[in-house]
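Input: a single structure, listed below in structure tokens.
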Amino acid sequence: MKLSKIIFIIAIFIFTANSGQAKKITPKRETVEWIDVWLPHTNDDKLPRVLLIGNSITRGYYPKVEKLLKGKAYVARLTTSKSLGDPALIQEINLIMSYGKFDLVHFNNGLHGWEYTEDEYDAAFPDMIKAIRKNAPNAKLIWATTTPIRTGKYCERLEERVARIVTRNEIAQKHISKAKDIKTNDLFNLILDHPEYFIGGDGVHPIDKGYQVLAEQVAKKILESLSE
């Protein structure tokens, strides 16, 4: 083999290796990251097993959903601050879903990771679906839209990040529509015009009656899917 050809091959190899390194994404972490998991009835198999994946909003309505579905399903939760774009989110999904068989997964991600662009959110979305399907290939899936944020003394105004939430919900719906077999639970519009669900809170997390409304719709959508 000629020396010039060998040099050319080496150059291609170095360029390819460097390109791969350049594409490696450094996670954009928050000052405090957290994960909260609850897996009840791990040794029982009489009822369908449901997993709620989300953030602190999901964690807030979880106890009410569990109560509404008592005697109808075992309800677990994986709630986390990890955002789409952070490989740790997929690692957490893989870990928690490896603990058991789930018949239905109700999932959301969108209120964290503001340092990620919407293009990065878009690019990472399919990985979440793939991870869930890999761990529960026969499970029914429900995507929950990301809820709005309000501001003002009486939570009378939508916070500026709502524009980004709308865009993220549209991105998510694009991927969900392609999947065809994933249902959508529109929690965003459910509480969009109800500042009373936030008054007295921080504008991000609903107060108790807001969580009740969310929980009732989540439970309803889950029961509808399980009965099909």
Where His175, His106, His41, His205 fall by accessible area, highest first, once all protein chains stay in place (1.4 Å):
His41, His205, His175, His106
When all Cα-Cα pair distances of segment 48-165 are considered, the percent exceeding 20 Å is 45
Rounded to the nearest 500, the 222 nm mean residue ellipticity computed for the chain from DSSP H runs (n ≥ 4, each -39500 (n - 2.57)) alone is -15000 deg cm²/dmol
Under a point spin-label approximation (7 Å from Cα along Cα-to-Cβ), what is the Trp34-Gln91 distance to one decimal in nm?
2.0
Summed side-chain charge close to Asp181 - residues other than Asp181 whose Cβ falls under 12 Å, Lys, Arg +1, Asp, Glu -1
+4
Could you tell me the accessible area of Ser227 in Å² (1.4 Å probe, neighbours in place), rounded to the nearest ten?
90
Given a 1.4 Å probe and heavy atoms of the protein chains only, how would you sort Lys67, Lys82, Lys183, largest accessible area at the top?
Lys67, Lys183, Lys82
Taking Lys28 as the anchor, which lysines have their alpha carbon closer than 16 Å to its alpha carbon, excluding any fewer than eight residues away along the same chain?
Lys82
Space enclosed by the convex hull of the alpha-carbon atoms of segment 68-124, per residue, Å³:
99
When the Karplus curve 6.51 cos²θ - 1.76 cosθ + 1.60 is applied with θ = phi - 60°, which whole-Hz ³J(HN,Hα) does each residue of segment 203-219 get, with x for Gly and Pro?
x, 9, 9, x, 7, 4, 5, x, 4, 5, 4, 4, 4, 5, 6, 4, 4
Restricted to Cα positions, what overall size does segment 102-228 have along the principal axes? Three whole-Å values, descending.
46, 35, 19
For the chain, what is the Kirkwood hydrodynamic radius in Å, using each pair of distinct C-alpha atoms?
19.1
On the first, second and third principal axes, largest extent first, how far apart are the outermost C-alpha atoms of segment 124-193 in Å?
46, 20, 18
Using a 1.4 Å probe, how large is the accessible area of Arg133, given in Å² and rounded to the nearest 10?
80
Tell me, in nm to one decimal, what length is gained between Ser227 and Thr184 on full extension, where the rule is 0.36 nm per residue of separation less the Cα-Cα distance?
13.9 nm
In the full protein assembly as shown, how much of Ile90 is accessible to a 1.4 Å probe, in Å² to the nearest 10?
40
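The values are calculated or read from the model by the stated rules, or taken from the named source; none is laboratory data. Nothing here was measured: the structure is a model prediction, and the numbers come from that model. Counting neighbours? That spans all protein chains shown, and the Cβs are built from the backbone with ideal geometry, glycine included. For accessibility, only protein heavy atoms count, side chains too; no ligands or nucleic acids. Shrake-Rupley method; radii C 1.70, N 1.55, O 1.52, S 1.80 Å.
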